[in-house]
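J.: Have a look at the structure that comes next, please.
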Amino acid sequence: MSKTERGVALVTGASSGIGLATARALHRDGYRVFGTSRKKMAETDQGVTMLVCDVTDDASVQALVDEVVGRAGRIDLLVNNAGIGLLGGAEESSPAQAKALFDVNVFGVLRVTNGPAWSAKTSYAGLFRAMGDRPPATTPSTPGSRN
């Protein structure tokens, strides 16, 4: 890692909005940034290398981790930003809609967090950042621990 490169960052949900702004800000701050989108996009966007990942699919998440580690050798910072929302009250939502929301917003975070943290191909020693409508949780991680 050069003196100007702070590390390798992975930002899920970086196709637009807060995720894209976060990815670009990390790039400006010296990180090599990989962003994700569910659909194929231009490979780079203002210094952010965009990759396809569906956080609801284990194989897609593993392929993402393998690709980032293959290109960069490690992941130093993870920003879990991918998410969906529902408009309306609970009584207006179907169980399928609620399951889809949890699969992205809860289990998707677990899939992506567990991918880089416990991958045998990287010595992950960074931070997890989960973004949402609650204050984000930051958890320092050390290899071999489940912080």
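J.: Got a number for residues in the stretch 44-83 being more than 15 Å from VAL11 (Cβ to Cβ) and out of contact with any Phe, Trp or Tyr (no Cβ under 9 Å at 6 or more places or on another chain)?
T.: 11
J.: If you check every pair at least six apart or on different chains, which have Cβ atoms under 8 Å apart with a residue in the stretch 97-126 that is farther than 20 Å from GLY13 by Cβ and assigned to a helix (DSSP H, G or I) first and a residue that is among the polar types (S, T, N, Q) and at pLDDT below 90 second?
T.: Final answer for the pair search is none.
J.: Let me ask something else. From the list ALA23, ALA72, which one is closer than 20 Å to ASN114 by Cα and small (Gly, Ala, Ser)?
T.: The unique qualifying residue is ALA72.
J.: Another one. Report whether or not ALA63 is over 17 Å from VAL112 (Cα atoms) and surrounded by fewer than 19 Cβ atoms within 10 Å (Cβ to Cβ).
T.: Spelling it out, it is not the case that ALA63 is over 17 Å from VAL112 (Cα atoms) and surrounded by fewer than 19 Cβ atoms within 10 Å (Cβ to Cβ).
J.: Still on this structure, I have one more. Taking the stretch 27-57 on its own, how many of its residues are under 15 Å from VAL68 (Cβ atoms) and either within 13 Å of the chain's Cα centre (by Cα) or β-branched (Val, Ile, Thr) (or both)?
T.: Residues flagged as under 15 Å from VAL68 (Cβ atoms) and either within 13 Å of the chain's Cα centre (by Cα) or β-branched (Val, Ile, Thr) (or both) within the stretch 27-57 amount to 13.
J.: Moving on to the next point. Can you find a residue that is hydroxyl-bearing (Ser, Thr, Tyr) and more than 17 Å from ASN114 (Cβ to Cβ) anywhere in the stretch 43-57?
T.: Here is the first cut: in the stretch 43-57, the ones hydroxyl-bearing (Ser, Thr, Tyr) are 44, 49, 56.
Of the ones still in play, those that are also more than 17 Å from ASN114 (Cβ to Cβ) are 44, 49.
Yes, some residue in the stretch 43-57 is hydroxyl-bearing (Ser, Thr, Tyr) and more than 17 Å from ASN114 (Cβ to Cβ).
J.: A further question on this structure: When the residues of the stretch 69-89 are filtered to those that are in contact with a Ser or Thr (Cβ under 6 Å, 6 or more places away or on another chain), touching a residue at least 24 places away in the same chain (Cβ under 8 Å) and farther than 18 Å from ALA25 by Cβ, which remaining residue is surrounded by the fewest Cβ atoms within 10 Å (Cβ to Cβ)?
T.: Only one residue tops the list, namely ARG74.
J.: When only residues in the stretch 6-55 that are among the acidic types (Asp, Glu) and more than 19 Å from VAL104 (Cβ to Cβ) count, which is surrounded by the most Cβ atoms within 10 Å (Cβ to Cβ)?
T.: Start the filter on the stretch 6-55 by keeping residues that are among the acidic types (Asp, Glu), which leaves 29, 43, 45, 54.
If we keep only those that are more than 19 Å from VAL104 (Cβ to Cβ) too, we end up with 29, 43, 45.
On the way: ASP29: 11, GLU43: 9, ASP45: 18.
This residue is ASP45.
The values are calculated or read from the model by the stated rules, or taken from the named source; none is laboratory data. Here the structure is a predicted model, which is why all the values come from computation and not from measurement. Ideal geometry is used to build each Cβ from the backbone, glycine not excepted, and the neighbour counts take in all protein chains shown.
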